[in-house]
Amino acid sequence: MLKIENLQATVADKPILKGLSLTINAGEVHAIMGPNGAGKSTLGYTLGGRPGYEVTGGSATLDGADLLAMEPHERAAAGLFLGFQYPVEIPGVSFVQFLREAANAQRKSRGQAPLSGGEFLRLAKEKAALLRMDMEMLKRPVNVGFSGGEKKRAEMVQMGILDPKIAILDETDSGLDIDALRICGEGINAIMRKSDKAVLLITHYQRLLDYVKPDFVHVLAGGRIVKSGGPELALELEEHGYEAVAA
Amino acid sequence: MSEALALPTRKDEAFRYSDLAALETLWPVPRRDIHVAAGEQGASTVVIDGANDAAQDIVITLEDGAEYDLRLLNAGSAYGRIAVRVRLGKGAKFHLGAAQIAGGQQTAEIVTEVVHAEPDAISSQVVRSVLGGKATGTYLGRVVVARGAIGTDGEQSIRAMLLDRTATANARPELEIFADDVKCAHGCAVGELDAQGLFYLQSRGLPPAEAKKLMLQAFIAEAFVGAADEEALTRAALQALEALL
């Protein structure tokens with residue numbers, strides 16, 4: 001589904017990704033772990049197409065389509081979802097208005113009919129319930145005044161509504177208390193643990209992986225993947241640290 | 001703001017950023033007088049959105065305890081100027097909510113003078129400008145608190161958003177206070193659309209123009225919130241925004 005080959009990227013002329021290769025097939029959950037500064041968030045932003053993250057080499061394709069040639073909104077329509085480590089507050093724009101427009105923009109580019117107001121609200125309600133989120137919160141301006149945990153749950157509600165093929169979730173577990181962590185983990189499983197979808201979890205810690213069991217774990221260091229393994233690799237990292245395991 | 005029949009020059013502060021060539025064709029500017037009797041309330045909306053140049057002078061007199069709600073949309077003319085002069089009596093209330101939207105070579109300006117002539121009057125002014133291309137958007141807002149006008153509460157919130165580095169925003173809040181025990185606040189900011197917010201919206205599937213429109217709609221919403229014809233004003237503003245993006 002997602003095929004990344006020898007990806008190189010710079011931020012402000014500083015090389016961050018230095019030849020990263022990774023293949024994720026439909027039905028798989030991958031976790032990327034690594035120390036601070038390894039390039040984890042850069043990987044997410046580069047795949048999402050954030051301005052300022054410049055690809056200097058390599059390729060990334062989603063179901064064969066050249067992801068790196070697309071604008072951010074085209075990547076979303078192609079089925080990519082980027083869960084932000086720090087979801088952005090947008091005063092004055094309500095979640096429901098923004099998400100309905102976003103969902104319908106995606107549908108339009110795929111040649112699907114737009115969702116009516118009623119259809120959209122039913123869908124939003126269902127996904128909000130999955131994340132134990134009150135619909136009233138989705139009528140509020142995007143992320144404004146939300147706690148860290150609420151922002152992350154709102155990210156997962158967005159993922160549920162937009163129904164992507166692949167989700168890249170950047171430190172979805174940071175800033176979550178134990179209950180919110182479980183709710184988010186269960187949400188990811190309910191929305192994305194399907195034979196035609198895939199997930200790439202970017203995380204520092206084992207604790208999210210207790211809920212969302214990865215099929216593969218990779219260690220990212222110095223801008224490339226230095227070690228790959230099964231779920232046991234995450235436990236090994238937790239016990240011995242990155243330096244010992246990735247050395 | 002001058003009512004003199006001679007065409008103003010740039011030395012006249014209220015016309016410092018005007019398109020004087022366009023102004024000349026409109027001179028003298030038509031003046032509209034609004035008078036609200038003691039304890040009465042009034043409201044009106046002025047929209048400049050035609051293809052033609054337009055300028056208006058509005059003079060509002062609020063007697064004791066009178067209230068007035070004025071909304072302005074200055075958008076879509078090559079040159080659009082709205083000048084407002086308000087005199088507030090004791091305990092009177094005045095609210096201005098204004099948006100200017102200009103692109104290309106357009107010049108848009110709103111000039112206000114709000115005079116708290118008597119004690120305990122309240123004025124609030126919210127002005128939002130969205131400027132693209134080589135447009136110039138100006139807001140000159142003077143608040144005068146007369147001697148003895150204690151208990152005055154005057155507030156100005158002025159923000160401009162530049163869509164292109166080639167656009168110009170002039171914003172000048174001005175306070176002249178001749179009384180003690182008054183509350184006058186103003187905030188003034190000129191900025192660009194938040195790049196992080198734009199990327200966030202785009203990452204969810206909104207094309208760039210739609211993402212910008214959504215953020216700009218939110219930006220100008222404060223100017224129209226609570227207006228009797230909020231929906232119509234918002235629609236007209238959105239049309240002007242779409243023409244810019």
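Values quoted throughout were computed directly from the atomic coordinates according to the rules given, and no laboratory measurement underlies them. Here the structure is a predicted model, which is why all the values come from computation and not from measurement. All Cβ positions, glycine included, derive from the backbone under ideal geometry; neighbour counts span all protein chains shown.
At-a-glance table
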read-out	value
Net charge of Cβ neighbours under 11 Å - reference A:Leu237; Lys, Arg +1; Asp, Glu -1	-4
Whether the range B:13-192 is rounded, prolate or oblate, judged on the alpha carbon gyration tensor where a/c under 1.5 counts as rounded	prolate
Of B:Ile34, B:Ala78, B:Pro207, farthest towards positive along the dipole that unit charges on Lys, Arg, Asp, Glu beta carbons give chain B	B:Pro207
Surrounding net charge for B:Ala108, when Lys and Arg each add one and Asp and Glu each subtract one, Cβ distance under 10 Å	-1
Value at 222 nm in deg cm²/dmol, rounded to 500, when DSSP H runs of n ≥ 4 in chain A each add -39,500 (n - 2.57)	-11500 deg cm²/dmol
Charge-dipole axis of the protein assembly as shown as Lys and Arg at +1 and Asp and Glu at -1 on Cβ define it, positive-most pick from B:Val130, A:Ile178, A:Leu115	A:Leu115
Normalised contact order of chain A, rounded percent, pairs of Cα under 8 Å and 6 or more residues apart	28 percent
Amide N of the range A:1-34 lying under 18 Å from the label point, which is placed 7 angstrom from the Cα of A:Thr56 along Cα→Cβ	A:5-21
Nearest-ten-degree value, helix B:230-244 long axis tilted from longest Cα axis of chain B	50 degrees
R0 of 22 Å, Cβ-Cβ distance B:Ala195-A:Asp13: FRET efficiency to nearest 0.05	0.75
5 angstrom amide H check on B:Ile150, placed H, neighbours 5+ away	B:Asp120
Test item: Cα-centred dipole of chain A, Lys/Arg +1 and Asp/Glu -1 on Cβ, debye	620 debye
FRET efficiency estimate (nearest 0.05) - Cβ-Cβ, B:Ala232 to A:Ile178, R0 56 angstrom	0.65
In nm, spacing of pseudo-spin labels at B:Ala21 and A:Asp210 (7 Å Cα→C-beta vector)	7.3 nm
Loop trypsin sites (Lys or Arg not before Pro), the range A:55-125, which have at most 14 other Cβ atoms in a 10 Å radius of their Cβ (DSSP)	A:Arg110
Residue-count net charge about B:Cys184 - beta-carbon cut-off 13 Å; Lys, Arg +1, Asp, Glu -1	-4
Shape of the range A:99-207, Cα gyration tensor, a/c cut at 1.5	oblate
Most mobile of A:Gly111, A:Gly52, A:Gly160 in a GNM of chain A (Cα contacts under 10 Å)	A:Gly111
Theoretical ellipticity at 222 nm over chain B - DSSP helices of four or more residues, -39500 (n - 2.57) apiece, nearest 500	-6000 deg cm²/dmol
Chain B: angle of helix B:208-224 to the longest principal axis, Cα-based, in degrees nearest 10	10 degrees
Percent antiparallel among DSSP beta bridges (both partners in the protein assembly as shown, rounded to 5)	20 percent
Residue mean of other protein chain beta carbons inside 10 Å, B:213-226	3
Top of A:Leu162, A:Leu99, A:Leu201 by mean-square fluctuation, Gaussian network on chain A, Cα under 10 Å	A:Leu99
Relative contact order, percent, the range B:13-192 [alpha-carbon distance under 8 Å, six or more residues apart]	16 percent
GNM result for chain B, Cα springs below 10 Å: residue of B:Asp69, B:Asp194, B:Asp53 fluctuating most strongly	B:Asp194
Cα gyration tensor shape of the protein assembly as shown, rounded if a/c is under 1.5, else prolate or oblate by comparing a/b with b/c	prolate
Of the trypsin sites (Lys or Arg not before Pro) in the range B:144-245, those whose Cβ has at most 14 other Cβ within 10 Å and which sit in DSSP loop	B:Arg147, B:Arg165
Dipole magnitude of the range B:13-192 about its Cα centre (Cβ charges: Lys, Arg +1; Asp, Glu -1), debye to nearest 20	400 debye
